[in-house]
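Let me begin by presenting the structure, written as structure tokens, before commenting on it.
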Amino acid sequence: MKKLFLLLLTCTALHSYADDVEAGRAKAETACALCHGRIGVATLPNAPNLAGQQAIYINEQLRNYRSGKRQNEVMNMIAKQLTDSEIAQISAWFGSIKVTVEAP
């Protein structure tokens, strides 16, 4: 019975994560794409690439911008409008993007 519970819990968590990724993609297209690109590859020279960053890192940084612990005029304004759920979704989206690196 315990194994079944753990399996159901895992499946629910994966489904929830998939929902977060899709919701995060939609939110990122309106809140993030102008500077960070539609798939997290920055379009501005002073904006970081977000594709492939760890979701936990993006989540923490967005919360820091929202609280004012981390300062950036644009990001502070954007993050203040985001709920905890939206931050988790955006973080899941950018964290789900796979990035490959090749040596020259």
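Worth a mention:
- A search for C-beta distances below 6 Å between a residue of segment 28-46 that is at pLDDT 95 or above and any residue that is among the hydroxyl-bearing types (Ser, Thr, Tyr), counting only pairs 6+ apart in sequence or on different chains, returns Gly37/Thr43.
- The requirement of being modelled with pLDDT of 95 or more, surrounded by 13 or more Cβ atoms within 10 Å (Cβ to Cβ) and small (Gly, Ala, Ser) is fulfilled somewhere in segment 55-62, by at least one residue.
- Looking only at residues of segment 79-99 that are over 17 Å from Gly37 (Cβ atoms) and of a type outside the set (Gly, Ala, Ser), we find that the one that is surrounded by the most Cβ atoms within 10 Å (Cβ to Cβ) is Gln89.
- Listing of helices (runs of 4 or more DSSP H) fully contained in segment 21-104 that carry 3 or more residues being within 10 Å of the chain's Cα centre (by Cα) and of a type in the set (A, V, I, L, M): 55-67, 84-96
The values are calculated or read from the model by the stated rules, or taken from the named source; none is laboratory data. Given the structure is predicted, the values throughout are model-derived calculations rather than measurements. For neighbour counting, all protein chains shown are included, and Cβ atoms are generated from backbone atoms with ideal geometry for every residue, glycine included.
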